[in-house]
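Below is one structure, written out as structure tokens, with a few remarks after it.
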Amino acid sequence: MKYCSTRGGVNGVSFQQSLLMGLGSDGGLLVPEYIPNIVPQLEDWRSLDFPSLAKELISIFADDIERSTLNDLIDQAYTTFDHPEVVPIRELGDVTLVELFHGPTLAFKDVALQLLGQLFEHALTKDGRHLNILGATSGDTGSAAIAGVRGQEKIDIFILYPNEKVSHLQELQMTTVPDSNVHCVAVNGSFDDCQSLMKEVFADLEFKEAHSLGAVNSVNWARVLAQVVYYGYVSLKFNEPVSFCVPTGNFGNVFAAYLARKMGFPIAELVVGTNENDILARFFRSGEYARGDVHHTLSPAMDIQVASNFERFLYYYFDCDVERLQAFMNDFQKTGAAHLDSAPDDAGFLATSVNTEETLAILRDVYAESGYVLDPHTAVGVAASKKCPIVGPKVCIATAHPAKFPDAVKRALPEVDSRHPTLDALVDKAERKVVIEPTLEAVKALFD
Ligand SMILES: *Cc1c(COP(=O)(O)O)cnc(C)c1O
């Protein structure tokens with residue numbers, strides 16, 4: 001399988017090259033040259049456990065890694081999960097969840113980033129290369145990326161985060177990791193400063209090349225691919241097509257569901273649940289993609305206005321018409337808005353935004369009905385599932401353990417003390433971080 005860019009400027013790239021390239025060198029996102037049809041394999045795949053299905057599916061896309069090696073990397077990635085099924089399904093009365101938070105940092109990003117760490121190590125060892133990963137995080141991505149590559153000889157990882165603006169637990173999940181290849185960088189600025197500094201560094205192609213910089217954010221195709229697996233896996237547990245309800249900000253997770261459906265897994269509707277940052281919900285209702293102001297909500301990992309994987313969706317929605325995509329993205333970049341001629345009703349998405357009151361209410365309702373505590377992101381997806389008309393089975397994606405977001409849980413359920421031993425253990429550990437000013441020079445100096 002070869003990869004090309006959504007903007008048409010990159011072609012014929014292998015899986016491992018795409019892994020190390022991250023963002024396409026023409027500014028587009030890498031996508032496979034075609035989407036394979038997996039319908040002939042479905043019946044054979046129904047009985048597979050999660051890692052076995054991952055091996056079957058990922059080997060189609062990563063055909064430049066020897067099959068036995070790939071199998072080992074996948075096994076290695078998922079031994080770090082604390083549940084034997086890796087992604088267990090939970091029935092709670094009329095709500096069915098798939099819990100994606102059994103990895104080391106208790107959020108769904110581990111499912112992809114544990115594998116990405118293994119894939120990076122393999123690709124770099126083969127090439128004898130060293131990689132400096134640079135990432136920016138507002139919370140969960142940083143710790144999951146660190147957990148994926150800590151201790152690896154071929155990689156140093158530098159995570160920028162806004163000083164004193166991430167939650168204390170999220171900061172500890174990064175700064176208490178003792179491995180010397182991990183560099184936590186608290187920036188005296190906002191998350192937007194961190195993200196734009198990261199982009200500026202990557203845009204300096206000479207610097208990027210000289211310091212062998214790599215990316216772990218969700219523009220990386222391998223992350224999307226790893227997420228396709230759990231949609232396929234869950235869909236095969238049902239005897240009729242299943243709908244998924246996905247809380248989203250960056251359109252990464254729900255885009256993986258869209259791809260799973262495109263490949264032929266038995267998936268019906270996809271419900272996009274956003275918080276008050278509702279650019280995606282507005283798009284699916286009206287066809288208008290228009291940036292708004294960022295609102296700070298109870299589900300901070302979804303406080304995003306511009307969704308990076310949205311470009312991949314548009315690429316397919318435009319039937320791989322690179323020029324049409326470029327025109328749309330150019331409009332958006334120039335004016336902060338771009339639109340289709342009409343709402344994309346034929347794309348198979350339902351979308352709705354969920355406000356703070358609704359999020360708190362669903363946390364209380366589900367707890368009252370089943371004694372189960374949702375995290376505030378998962379709550380957005382569950383609330384969205386109740387607001388959208390769906391027939392047939394539906395599964396809500398549980399993206400984090402509630403103990404990661406104790407303030408939101410306390411606000412809905414003052415009587416509940418949601419804890420997790422992994423998080424409790426962080427409190428006494430030594431922290432390591434550097435604090436820098438929000439300047440390009442300060443970020444570049446990290447690599448001296
Ligand atoms: C990152 C994150 C999300 C949003 O996922 P996207 O792929 O960006 O849509 C939702 N919930 C949690 C807990 C997250 O960490």
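Show me the strands (runs of 3 or more DSSP E) found entirely inside segment 225-324 where at least 2 residues are buried (at least 22 other Cβ atoms within 10 Å of the Cβ) and within 14 Å of the ligand (Cβ to nearest atom).
The qualifying strands (runs of 3 or more DSSP E) are 242-247, 267-274.
Among the numbered conditions (1) within 21 Å of the chain's Cα centre (by Cα); (2) buried (at least 21 other Cβ atoms within 10 Å of the Cβ), tell me where VAL95 comes up short.
Unmet for VAL95, out of (1) within 21 Å of the chain's Cα centre (by Cα); (2) buried (at least 21 other Cβ atoms within 10 Å of the Cβ): (1).
Out of (1) of a type outside the set (Gly, Ala, Ser); (2) closer than 15 Å to LEU172 by Cβ; (3) within 24 Å of the chain's Cα centre (by Cα); (4) not in a helix (DSSP H, G or I), what's the single condition that is false for LEU423?
Result: LEU423 passes all but (4).
Would you mind stating whether SER52 is under 30 Å from MET198 (Cα atoms), assigned to a helix (DSSP H, G or I) and open to solvent by less than 40 Å² (accessible area, probe 1.4 Å)?
When the stated conditions are applied, SER52 does not pass them.
Please go through segment 426-441 and give me each residue that is assigned to a helix (DSSP H, G or I) and free of Cβ contacts under 8 Å to residues at least 40 places away in the same chain, ordered by number.
Passing the criteria: only GLU441.
Which one of these does LYS55 not meet: (1) closer than 23 Å to PHE265 by Cβ; (2) touching a strand residue (DSSP E or B) at 6+ places or on another chain (Cβ under 7 Å)?
Among (1) closer than 23 Å to PHE265 by Cβ; (2) touching a strand residue (DSSP E or B) at 6+ places or on another chain (Cβ under 7 Å), the lone unmet condition for LYS55 is (2).
Exactly one of (1) without any contact (Cβ under 8 Å) to a residue 40 or more places away in the chain; (2) in contact with a helix residue (DSSP H, G or I) (Cβ under 6 Å, 6 or more places away or on another chain); (3) under 17 Å from ASP331 (Cα atoms) is unmet by ALA260. Its number?
Against the list (1) without any contact (Cβ under 8 Å) to a residue 40 or more places away in the chain; (2) in contact with a helix residue (DSSP H, G or I) (Cβ under 6 Å, 6 or more places away or on another chain); (3) under 17 Å from ASP331 (Cα atoms), ALA260 comes up short only on (3).
Out of the residues in segment 395-410 that are out of contact with any helix residue (DSSP H, G or I) (no Cβ under 6 Å at 6 or more places or on another chain) and under 26 Å from ALA257 (Cα atoms), which is nearest to the ligand (Cβ to nearest atom)?
Ranking the candidates gives LYS404 first.
So PHE101 ticks every box in (1) within 30 Å of ALA383 (Cβ to Cβ); (2) part of a loop (DSSP other than H, G, I, E, B); (3) open to solvent by 20 Å² or more (accessible area, probe 1.4 Å) but one. Which box is left unticked?
Looking at each condition in turn, PHE101 falls short on (3).
Matching residues to (1) touching a strand residue (DSSP E or B) at 6+ places or on another chain (Cβ under 7 Å); (2) in contact (Cβ under 8 Å) with a residue 40 or more places away in the chain; (3) buried (at least 18 other Cβ atoms within 10 Å of the Cβ):
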{"position": "ALA351", "(1), (2), (3)": "yes, yes, yes"}
{"position": "GLU357", "(1), (2), (3)": "no, no, no"}
{"position": "ASP365", "(1), (2), (3)": "no, no, no"}
{"position": "HIS377", "(1), (2), (3)": "yes, yes, yes"}
{"position": "ILE397", "(1), (2), (3)": "yes, yes, yes"}
{"position": "ALA412", "(1), (2), (3)": "no, yes, yes"}
{"position": "GLU415", "(1), (2), (3)": "no, no, no"}
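If you check every pair at least six apart or on different chains, which have Cβ atoms under 9 Å apart with a residue in segment 74-91 that is of a type in the set (Phe, Trp, Tyr) first and a residue that is at pLDDT 95 or above and surrounded by fewer than 15 Cβ atoms within 10 Å (Cβ to Cβ) second?
Short answer, once both residue conditions are applied: none.
Within segment 327-357, count every residue that is over 24 Å from the mean Cα position of the chain (by Cα) and part of a helix (DSSP H, G or I).
Count: 8.
Can you tell which of LEU92, LEU29, LEU97, LEU19 is of a type in the set (A, V, I, L, M), within 16 Å of the ligand (Cβ to nearest atom) and either under 27 Å from GLU209 (Cβ atoms) or at pLDDT below 95 (or both)?
One residue alone meets the criteria, LEU29.
Report, by residue number, each residue of segment 110-134 that is within 13 Å of the ligand (Cβ to nearest atom) and either without any contact (Cβ under 8 Å) to a residue 60 or more places away in the chain or more than 13 Å from the chain's Cα centre (by Cα) (or both).
Across segment 110-134, the qualifying residue is only ASP110.
Give the residues of segment 212-224 that are within 11 Å of the ligand (Cβ to nearest atom), of a type outside the set (A, V, I, L, M) and in contact with a Leu (Cβ under 8 Å, 6 or more places away or on another chain), sorted by residue number.
ARG223
Only one of (1) within 16 Å of the ligand (Cβ to nearest atom); (2) farther than 16 Å from CYS245 by Cβ; (3) small (Gly, Ala, Ser) fails for ALA384. Which number is that?
Unmet condition: (2).
With the requirement that a residue be in a helix (DSSP H, G or I) and surrounded by fewer than 19 Cβ atoms within 10 Å (Cβ to Cβ), what does segment 21-49 give you?
VAL39, PRO40, GLN41, LEU42, GLU43, ASP44, TRP45
The values are calculated or read from the model by the stated rules, or taken from the named source; none is laboratory data. Just so it is clear, the model here is predicted, and its values are computed rather than measured. Here Cβ is always computed from backbone atoms with ideal geometry, including for glycine, and neighbour counts include all displayed protein chains. With ligands, DNA and RNA removed, areas are computed over all heavy atoms of the protein, side chains included. Shrake-Rupley method; radii C 1.70, N 1.55, O 1.52, S 1.80 Å.
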